[in-house]
Amino acid sequence: MYKLVAIDCDGTLLTDSKELTKRTINTIKKASQKVKIVLATARSFYRVEEYLEKMNLLNDEQYTICFNGGSVINNGRKEELDSHTFRNDEIKQLIQLSRKFNTQIMLYAYNCLIVEEIPKKFINNKKINFEITKMEKLDLEEQKIYKIVFINKPSKITDMRKKLSKQILDSFEVSSSVPDYIEFVPKGITKNKALENLCKKLNIGKNEAIAIGDAENDIQMLKFAGMGIAMGNADEKTKSISDYITDSNNNDGVAKVLEKLQIKDGYVMA
């Protein structure tokens, strides 16, 4: 029997318009009565709270993995069980790298997104708390930074990733949850490591866990879980390592696979 389902948000749980469908909401509500539902996201906690509330997951029995594994939170108490942030010298190093690449940089603090100017893709997004400041003037003693993102056109991001030095790749965990991002978190911090630690805390074996995702930053989590499920819209590499491929995020892929797995007292593969 499976006791926990870890679900990525963007491109997986949410549609492309960043919404939850009624079918997904109802299926998650039903599933959460039998298993732990853990959102495993690159986002900060405040940016998934509205979704957790809609699915009745804002309680002490459920958990969320944020910042690609940088923070693990008890949903009801809003208490961090685990937290990993950058050292000051690491932040300065990535700021300098963004200058070298001449690209926008975003620093993810617990309750805000620190930028020098709001990226065009977020101009009309009123749900994000922005703090606007010059990076060189940032008070690193005041802010804990969980994740750093370079943002640019997908073609530019692809080119930048090819130019990342071995020293950078050896110093940070680097991934892309969407084509216009390069995401950096401290070395050793990943969704799968956070999921592994959470499972240990909850006395749940890896073979009792399901993971669902669509992108590069989900791959190790899908490999770790007893069952790794890729979305129909996932990239080919993610699909190739999965145990099962469901429908797309725009066509209730999460709801469909959970309905397929659901039985009276838990979850099994149909």
Q: Provide the gained length on full extension for the span K78 to K120, in nm with one decimal, where the gain is 0.36 nm per separating residue minus the Cα-Cα distance.
A: 12.0 nm
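Would you please classify the overall shape of region 1-154 from the alpha carbon gyration tensor, given that a ≥ b ≥ c denote the square roots of the eigenvalues, rounded means a/c under 1.5, and beyond that prolate means a/b larger than b/c while oblate covers the rest?
Here region 1-154 falls in the prolate category.
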Q. Among I168, F130, S17, whose Cα lies farthest out toward the positive end of the dipole of the chain, if unit charges sit on the beta carbon of Lys, Arg (+1) and Asp, Glu (-1)?
A. S17
Q.
Which of rounded, prolate or oblate describes region 1-49 when judged by the alpha-carbon gyration tensor and an a/c cut-off of 1.5?
A. oblate
Q | Low-density loop positions, trypsin sites (Lys or Arg not before Pro), region 38-132 - DSSP coil, at most 15 other Cβ in 10 Å | A | R77, K78, R87, K126, K127
(Q) I need the phi-derived Karplus couplings for region 246-251: 6.51 cos²θ - 1.76 cosθ + 1.60, θ = phi - 60°, integer Hz, Gly and Pro marked x. (A) 9, 6, 7, 5, 8, 10
Q) Seen from all sides and averaged, what is the projected area of the convex hull of the Cα atoms in region 112-270, in nm²? A) 12.3
Q) Under the rule of -39500 (n - 2.57) per DSSP H run of 4 or more residues, summed and divided by the residues of the chain, what mean residue ellipticity at 222 nm is obtained, to the nearest 500 deg cm²/dmol? A) -8000 deg cm²/dmol
Q: Answer with one residue from I114, Y46, S155: the one whose Cα lies farthest towards the positive end of the charge dipole of region 46-184, charges on Cβ with Lys, Arg +1 and Asp, Glu -1.
A: S155
Q: Identify the GluC sites (Glu not before Pro) of region 119-225 meeting these criteria: DSSP loop state and at most 12 other C-beta atoms within 10 Å of the C-beta.
A: E141, E142
Q) Ignoring ligands, DNA and RNA, what percent of the 1.4 Å accessible area of region 137-270 is carbon and sulfur? A) 47
Q) Convex hull over the alpha-carbon atoms of region 69-203: what's its volume per residue in Å³? A) 122
Q: May I ask you to derive the relative contact order of region 29-116, considering only C-alpha pairs under 8 Å and at least 6 residues apart, and to give it as an integer percent?
A: 21
Q | Shape of region 188-270, Cα gyration tensor, a/c cut at 1.5 | A | oblate
Q: Apply 1/(1 + (r/R0)^6) to the Cβ-Cβ distance of N207 and K260, taking R0 = 25 Å, and write down the FRET efficiency to the nearest 0.05.
A: 0.85
Q. How big is the charge dipole of region 25-99 about its Cα centre, in debye rounded to the nearest 20, if each Lys and Arg gets +1 on its Cβ and each Asp and Glu gets -1 on its Cβ?
A. 280
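The values are calculated or read from the model by the stated rules, or taken from the named source; none is laboratory data. Keep in mind it's a predicted model, so treat the numbers as computed, not measured. Glycine also receives a Cβ, built like all others from the backbone with ideal geometry; neighbour counts cover every protein chain displayed. Protein only, heavy atoms only, side chains kept; ligands, DNA and RNA dropped before computing areas. Shrake-Rupley method; radii C 1.70, N 1.55, O 1.52, S 1.80 Å.
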